[in-house]
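Engineer: Take this structure first; my questions come after.
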Amino acid sequence: MSSSSLASIVFTLALVFATLSHQCHGGDVPLQVGYYRGKCPLADVEAIVGGVVKAWYKRDPTIPAALLRMQFHDCFVNGCDASILLDGSNSEKIAVPNLSVRGYEIIDAAKSAVEAICPGVVSCADIIVMATRDAVALGGGGRYIVQTGRRDGNVSLAKNVDLPSPSISVSDSIKSFAKKGLNATDMDRLYNFQNTGKPDPTMDSSLLAALRQRCPRNASVDSSVNLDQNPLSSMTVDNSYYRQIVMRKGILKIDQELALDPLSKPTVGAIANGFDFSTRFGQAMIKLGTVDVLTGKQGQIRSYCRAINKPSK
């Protein structure tokens, strides 16, 4: 798959299951909209982060997918505490699911810009959430209001990374998301689906033919395929992909199953056929951003997002 569509499964899973959610977990102090107002004299923290993201977006319009994936991978492991940003020989960054996560330089740039004006106040965890919101808006997904007041975690271990894979079933996905308060195989679909020697019967026949031509059996060339088959919207945060999986044109098995399984089919159908995608997506991202957050005196405010602060003497 191409780098511009790496986060499509994140879009689908996060929106479907966060939409089904009822409760998320957080610290003792509630997050707030506009938490940083008045904490940085003469500085609008959210505007500073937004300016950095806008500059990066002009150079690379794929950053909404990158930052969405980063936020999901961060929040799903130990909560939204920026633990994914920490460098180290055994940190979350080196875990296999995180090897293709990108966008760290954007967060570094935003943190540097904020620290230059308002040092020691804005957490890296909040910067991830704010930057993702801004990137989504630039990508056409609508601008949602984020809550802030998170603090940064001190622990980042590869062994803690347990993310749902593209081969997970819908029921197992629901269980996995439920553990975070977000309630609700075989990947060869072209030639040997579940060892039948035949393609996946749920895949649209025209898509099957196109993918077989692009990805011939036993090919030695690694061909990239967009998860979003609509070239007019593959770079836009919208409901196009949901419409495609309703028509059985999903590339990944888990995506297609979301449109077919009775547990998730009604939600996918409502998203695909509705006109409130931006609202639903914003609500889902807000919920995702509240998973197991650190607030109050928990954690710390890192001076540099890639390392915990050194103990004061």
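Engineer: Of 247, 235, which has the most accessible area and how do the rest follow, probe 1.4 Å?
Structural biologist: Heavy-atom accessible area, descending, gives 247, 235.
Engineer: Here's another thing I want to ask about it. In whole Hz, what ³J(HN,Hα) sequence does the range 59-74 give by Karplus (6.51, -1.76, 1.60; θ = phi - 60°), x for Gly and Pro?
Structural biologist: Couplings: 8, 9, x, 8, 5, x, 4, 5, 6, 4, 5, 4, 4, 4, 5, 6 Hz.
Engineer: Could you give me the ³J(HN,Hα) list for the range 117-129, computed from phi with Karplus coefficients 6.51, -1.76, 1.60 and θ = phi - 60°, whole Hz, x at Gly and Pro?
Structural biologist: The phi angles translate into 10, 9, x, x, 10, 9, 7, 5, 4, 5, 5, 4, 5 Hz.
Engineer: Roughly how many Å² is the accessible area per residue of the range 16-164, as a whole number, for a 1.4 Å probe?
Structural biologist: Here the residues of the range 16-164 average 40 Å² of exposed surface.
Engineer: Test of understanding: extend the Cα→C-beta vector of residue 160 to 7 Å, then name every residue of the range 287-307 with backbone N under 19 Å from that spot.
Structural biologist: In the range 287-307, the label zone of residue 160 (backbone N under 19 Å from the point 7 Å along Cα→Cβ) covers 288-307.
Engineer: Something else about it: Show the residues, 5+ positions off or on another chain, whose built amide H is closer than 5 Å to the amide H of residue 148.
Structural biologist: 32, 33, 34, 35
Engineer: R0 = 45 Å: FRET efficiency of residue 96 with residue 205, Cβ-based, nearest 0.05?
Structural biologist: Numbers: r = 34 Å, r/R0 = 0.75.
Here the calculated transfer efficiency is 0.85.
Engineer: Could I ask something else about it? Amide H to amide H under 5 Å from residue 294: which residues, 5+ apart in sequence or cross-chain, H placed 1.01 Å off N in plane?
Structural biologist: 151
Engineer: Calculate what fraction, in whole %, of the accessible area of the range 67-162 sits on carbon and sulfur atoms when a 1.4 Å probe is rolled over the protein chains. Working shown, then result.
Structural biologist: Working: 1640 of 2990 Å².
Here it works out to 55 percent.
Engineer: For 217, 37, 59, what's the largest-to-smallest order of accessible area, 1.4 Å probe?
Structural biologist: Of 217, 37, 59, the descending order of accessible area is 37, 59, 217.
Engineer: Ordered by residue, what ³J(HN,Hα) values in Hz, to whole numbers, does the range 91-107 give under the Karplus form 6.51 cos²θ - 1.76 cosθ + 1.60, where θ = phi - 60° and Gly and Pro are x?
Structural biologist: Coupling constants for the range 91-107: 7, 4, 4, 8, 5, 3, x, 9, 5, 9, 5, 9, x, 4, 5, 5, 5 Hz.
Engineer: Given labels modelled 7 Å from the Cα in the Cβ direction, how far is it in nm from residue 212 to residue 121?
Structural biologist: Computed distance between label sites residue 212 and residue 121 equals 6.2 nm.
Engineer: Do any trypsin sites (Lys or Arg not before Pro) in the range 85-168 lie in a DSSP loop with no more than 13 other beta carbon atoms within 10 Å, and if so, which? Each step should come with its number before you reach the end.
Structural biologist: On the way: sites: 93, 102, 111, 133, 143, 150, 151, 159; in loops: 102, 143, 150.
Within the range 85-168, the qualifying trypsin sites (Lys or Arg not before Pro) (loop, at most 13 other Cβ atoms within 10 Å) are 143.
Engineer: Kindly flag which residue pairs out of 159/265; 159/310; 58/265 have an alpha-carbon separation exceeding 28 Å in this structure.
Structural biologist: Working: 159/265 33 Å; 159/310 24 Å; 58/265 36 Å.
Exceeds cut-off: 159/265; 58/265.
Engineer: Just to be sure I understand the model, the point goes 7 Å from the Cα along the line to the Cβ. What's the resulting residue 105 to residue 198 distance in nm?
Structural biologist: Distance between the two pseudo-spin positions: 4.9 nm.
The values are calculated or read from the model by the stated rules, or taken from the named source; none is laboratory data. Just so we're clear, the structure is a prediction, and the values are computed from it rather than from any experiment. Every residue, glycine among them, receives a Cβ derived from its backbone with ideal geometry; neighbour counts consider all protein chains shown. Heavy atoms of the whole protein, side chains included, go into the accessibility calculation; ligands, DNA and RNA do not. Shrake-Rupley method; radii C 1.70, N 1.55, O 1.52, S 1.80 Å.
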